[in-house]
1. Measuring with a 1.4 Å probe in the full set of protein chains, what accessible area per residue, in whole Å², belongs to segment 229-331?
2. Can you tell me the Rg and the Dmax, both Å, for the Cα atoms in segment 49-120?
3. State the Cα centre-to-centre distance between segment 101-139 and segment 652-672 in whole Å.
4. Let's test this: bin the Cα-Cα distances of segment 366-430 at 10 Å from zero up to the farthest pair and state each bin's percent.
5. Of all DSSP beta bridges in the chain, what percent run antiparallel (nearest 5)?
6. If you line up the long axis of helix 266-275 against the longest principal axis of the chain, both from Cα atoms, how many degrees apart are they, to the nearest 10?
7. Within a Cβ distance under 15 Å of Met90, other residues only, what is the Lys/Arg minus Asp/Glu net charge?
8. To the nearest 20 Debye, how big is the dipole of the chain about its Cα centre, given +1 on the beta carbon of each Lys and Arg and -1 on that of each Asp and Glu?
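The values are calculated or read from the model by the stated rules, or taken from the named source; none is laboratory data. All values derive from a computational prediction rather than experimental measurement. Glycine also receives a Cβ, built like all others from the backbone with ideal geometry; neighbour counts cover every protein chain displayed. To get the accessible areas, we keep the full protein, side chains included, count just its heavy atoms, and leave off ligands, DNA and RNA. Shrake-Rupley method; radii C 1.70, N 1.55, O 1.52, S 1.80 Å.
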Amino acid sequence: MESVLALAWLVPVLPLASAAVVAATGKRLPWGGAEVGILSVGAALALSAAIAWETFTNPGETLERAFAWSPLGGGFVLELGMLVDGLTAMMFLLVTLVSLMVHVYSRGYMEGEARFTYYYAMLSLFTFSMLLLVISNNTLQAVVGWELVGLCSFLLIGFYWEEKSNQDAANKAFLTTKFGDVGLIVGVIVLSAGMLGLSDTPFNFGETIDAAVSGELATGTIVLGMLLIFVGCISKSGQMPLHVWLPDAMAGPTPVSALIHAATMVTAGVFLLARLFPVLAQSALVMGVIAVVGILTLFFGGLLALVQDDIKKILAYSTISQLGYMVAAIGVGGYTASIFHLFTHGFFKALLFLGAGSLIHAVHSNDISAMGGLRRPMPVTFWTFTIGSLALAGFPMTAGFFSKDEILVSGDLWALNGFATGTYVYWVGIAAAFVTTFYMARAWFLIFTGEHRGAPHAADAHGGHGADHDAQADAHADAHHAAPNESGRWMLVPLVVLAVLSLTAGLIGSPFLQDEPNFEAWTATEVIEGTTYPFLAEYAAGAGVVAAEKGPSAKILHGPPTWHLDLLGIVLAAFAGAVLLAWRLYGKGLPDEDPTLRMGPLSRALVAKYGFDAAGYRYVVVPVRDRLSAWATRVSNDVIDGVVGGTGAAAKRLAGVTYATVDQGIIDGGVNGAAFSAAWWSARLRRIQSGDVQRYAGALVAGVVLLVLAFVAIR
């Protein structure tokens, strides 16, 4: 088994090497570096598939290897390592497959871009960063991958940096996520500090999990550390109220939006919670906080999509809602349900974003009001986008149905143990599914039915790649007025592949696999299989519930999924009701006034985005930009520059005194005095060096006489 798993380090290294090669030689290659990116990520996908096969056919097997060094000594060891288990293998498949589809798609979508090579280098670096996070065996290395993901997203969101709105979007994403990252880093420090004395490798995931499950890690450390780490997850995974950066991230090229929203960046927070799930499962408080944040996000985040006309922002708010489902599932014990929805969501959300890119590429606008009637001219895009919409809405037998169903079932099981959050996840999740179906049906009717309403020449100012670089239509004036047509093969092939996965990927975690190892078994670990919630019996007893009667809900893993016909009936009714309502409102085309804007205070709240953006601007941006920055300028100019200037003036005066007194007076005076003394003595001694032999003889006789007299006197 290790023969394949031992090569797992190559999965992140391949796209890293691709980024370096593309940056160095891409402009001299026939496809501008795209071929290197596609081949490297394709190779990473092939290796990921082999790793997944080995891992899934041997459920529970784990390989961990690390290069360790101890720079500080004293039993404190840092690691650069890899942890390969079912969760790693699943994420490898998701990230590399979606990244490959984005790489292929971008070959057609980004053709003609001035920074085409730079784009592909950054795309590969983005993929590497997420894979580094996934393969990490310790929290410190994971933080490095986490921060690289944030950096790459900043650079790609601001890809069209010539326009200030795109710069602002990139800065907003970077600064908002950095705020949460402070919590993440402090949380990692708290957990590692709690591990000091328990292990020589305090950042190691496995050691930390074992210490938490065995009770060696203090409860206070677990609560504080995990809540702080969750703050990082709130910002990175777009949970309210730190979700505000995610819709603005649509300023980047559409393929980048697909990668960010489907397989990287926003999934990083959910993945980290899943990796540390046995740790957070030790505290009812931590799980409760996570569940509440997820519940609020999955419903209120989805409502914001109702009043959007920008197709990418509709999908962005949909992503916020779906991430809320994943986070809420973590909070109600649905470990498998959460990562299963992360897996299936990656395929149909990537499909929807790439499908949106195909539509934007055809009509040169993000606005669904400028579309309409695109079913006939764009049949492949129509069918694939329809499949993605059905999967997102949770239509029965699609991938989204099976994974979302597991989340609702997890909430129901949690409710049986006496936790109200389980009930909220169940019913609020169903209500959010109704909202999701409605806004996707609204978009579907306005995009594909009726007559075409758009003006193809109305570009979207680069935010969604409005210019049609694929056909060089900009070179011909009449091309701007041509009717929309289907995209090229480079863009359509990824749509078809993702559509197939959006229909079939859910089967691996469905009730159809009762007797065979399914998704739960593939992503389980030995620790998770044996872990129960230590607080469950006490809480259930206090709530008047006998936990022992609830069976599998006392454990993290609930066993193979089963059919819940009551839930199936409710889901079908919600789907039919939402589609029927959307058809009545939008089935005949675009209304003169959108009904979603006629809901009184609710519409005003949704248009205002609940005031989060305005509050952030007023209470964060303005104070920092206009007050704190002005204060910092004054401190810099008046205080720091004054101190520096005063120090310089004092140094200059001291140097002058030193020069005049020490250098000129003492050093030069001593040297010159010695020279003058030598000259004076030499002038006088020179007189006795006359060359007169008689004078020398007389002096010799006189000296002898003086010596004799002195000798006599002494005697």
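1. I get 12 Å² per residue for this part.
2. 19.0, 57
3. Their Cα centres are 65 Å away from one another.
4. Once binned at 10 Å, the Cα pair distances of segment 366-430 give 20, 31, 23, 16, 9, 1.
5. Bridges in the chain that DSSP calls antiparallel: roughly 90 percent.
6. 90
7. Computed value for this residue: -4.
8. It comes to approximately 2520 debye.
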